[in-house]
Amino acid sequence: MDNFLEINLQALADNFKKISDFVGSDTSIMGVVKSNAYGHGLEKCALALDRVGCKWFAVTDIFEAQVLRKILPQSAILILGPVSRDDFSSAISGNFRLTIDSENDLEFLAGKAQIFGKRATIHIKVNTGMNRFGCDPLKVVSLVEKAKNYSSLFVEGIYSHFYNSADHEAIEKQWKIFSEVLFDLQKKDLEIPLRHIANSDAVFLNDQVWLELIRLGLALYGLAEQNVLALAPVLNWKAKILKIRGVSQGECVSYGCDYKAKKDFVLAIIGAGYADGYSRALSGKAEVLVSGKKCKVVGRINMDYTFIDITSAMRVSQKMSPAEGDEVILVGRQDKEEITVNDLARWAGTIPHEIVSRLPESAERRLVDRQIVNRQRLNYLTNDVT
């Protein structure tokens, strides 16, 4: 492969342990592994988290849930997104936790579960301001009362979702609505064992929102904006130099001649493009690491290739200069320099979630043991996560 991802499962495990110690034993971590574990690789990341004590997992849809169930038969798996009624039977047989926010879905699910002779487990979602999914706060008590009248349903959890978890005021506003709903349920003696609203950034900004569960995505992968625990990035991204050539002043580079050389320079073409998840929006903005030096992306990023000005990385000795076949760092550290996922997001005008979730499932993911990396001997694991 001309580019590949290195996934440090030891860093993932360490991040889980740090956060678990931080929140204490009264709060459990739900590992959010939706969108192929934020591009890091669903199965390997889930197995690594399971081995360090993560018993709760969250996914977007039933397809991700079914992949998880094959490798984690005993784990609790919550499907965060809506599940088609056509898939209710599969969800019940897979023992997945379903998100419910309407009476119609509640009644239909109860009927399906009764037919199967099983008890479906549900988490009620409350709309506290995101206005995506969730029950109106004023209707939650009625919905829970109805759910508890069905012997085929178990109301295990209730939750909501912050729309701006990096903002204290926004957190307080939604927390007030959610806590009022919880109080109304308590007044009616409608007990629900598990409550959750906190996500990665909120965990570090407001400890009153921890409750029985916290849902962690970015923080586990070392990508959260709030990084008070010095959580380590789990992902590195590397590409190979395929061609090095000289470009003369006035010559064009890449499609459209958007970039015209202002002076003679040394150009490297690397084997990564927008088909690999290296966004076209990074054209002319991003930097990569070549021989420990930050080098600029020039010209338009192609489907499979990107153009780099490596003049600053060239040495007096040709043997010390970059060569075809050398590795370039798209995300990661080299010598004293580092390029982060957050850097890519800033250059592309987006968020880190988008950068990593758009990494193709077909991308090569090499599993790296941290201790071996520290000894400067890479060992690529293929069948194990230890």
- Derived scalar couplings ³J(HN,Hα) [segment 343-351; Karplus, 6.51 cos²θ - 1.76 cosθ + 1.60; whole Hz; x for Gly, Pro]: 4, 4, 4, 5, 5, 8, x, 9, 10
- Message: Of the candidates CYS295, CYS252, CYS45, which one comes out as most mobile in a Gaussian network treatment of the chain with C-alpha springs shorter than 10 Å?
- Response: CYS252
- Restricting things to alpha carbons, find the Rg to Rh ratio for the chain using the Kirkwood radius for Rh. 1.05
- Query: So what are the ³J(HN,Hα) numbers for segment 58-71, from phi and the Karplus equation (6.51, -1.76, 1.60; θ = phi - 60°), rounded to whole Hz, Gly and Pro as x?
  - Reply: 10, 10, 7, 9, 5, 5, 5, 4, 5, 4, 5, 4, 5, 9
- Just tell me which aspartates and glutamates come within less than 15 Å, Cα to Cα, of LYS243; anything on the same chain fewer than 8 places away is out. ASP2, ASP304, ASP309, GLU324, ASP326, GLU327
- Task: Once you've got the GNM for the chain with C-alpha springs shorter than 10 Å, pick whichever of SER151, SER20, SER279 has the biggest mean-square fluctuation.
- Result: SER151
- Listed here are the pairs LYS139/LYS187; LYS44/LYS125; LYS18/LYS336; LYS55/LYS118; LYS238/LYS262; which of them are more than 18 Å apart at the Cα? LYS44/LYS125; LYS18/LYS336; LYS55/LYS118; LYS238/LYS262
- Note on the structure: Per segment 9-216, sqrt(5λ) over the Cα gyration tensor eigenvalues, sorted largest first, in Å, gives 26, 23, 14
- Message: Through the Karplus equation 6.51 cos²θ - 1.76 cosθ + 1.60, θ set to phi - 60°, convert the phi angles of segment 263-273 into ³J(HN,Hα) values in whole Hz; use x for Gly and Pro.
- Response: 7, 4, 8, 9, 10, 10, 9, 10, x, 8, x
- Message: Let me check against my output: what whole-number percent is the relative contact order of segment 1-83, with C-alpha pairs under 8 Å and at least 6 apart?
- Response: 26
- Message: Of the candidates ILE177, ILE192, ILE115, which one comes out as most mobile in a Gaussian network treatment of the chain with C-alpha springs shorter than 10 Å?
- Response: ILE115
- Name the residues whose placed amide hydrogens come within less than 5 Å of the amide hydrogen of LEU218, ignoring near sequence neighbours (fewer than 5 apart) on the same chain. SER200
- Excluding same-chain residues fewer than 8 positions from LYS263, which lysines have a Cα within less than 17 Å of its Cα? LYS296
- Note on the structure: Given backbone amide H placed at 1.01 Å from N, residues whose amide H is under 5 Å from that of THR121, ignoring those fewer than 5 places away on the same chain, are LEU98, PHE154
- Task: Report the antiparallel proportion of the DSSP beta bridges in the chain as a percent, rounded to a multiple of 5.
- Result: 50
- Listed by chain and number, the residues whose amide H is under 5 Å from that of TRP56, excluding neighbours fewer than 5 places away on the same chain and using placed H, are GLY31
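Read the figures in this text as sums done on the coordinates, not as results from a lab. Everything quoted here is computed from the prediction, not taken from an experiment.
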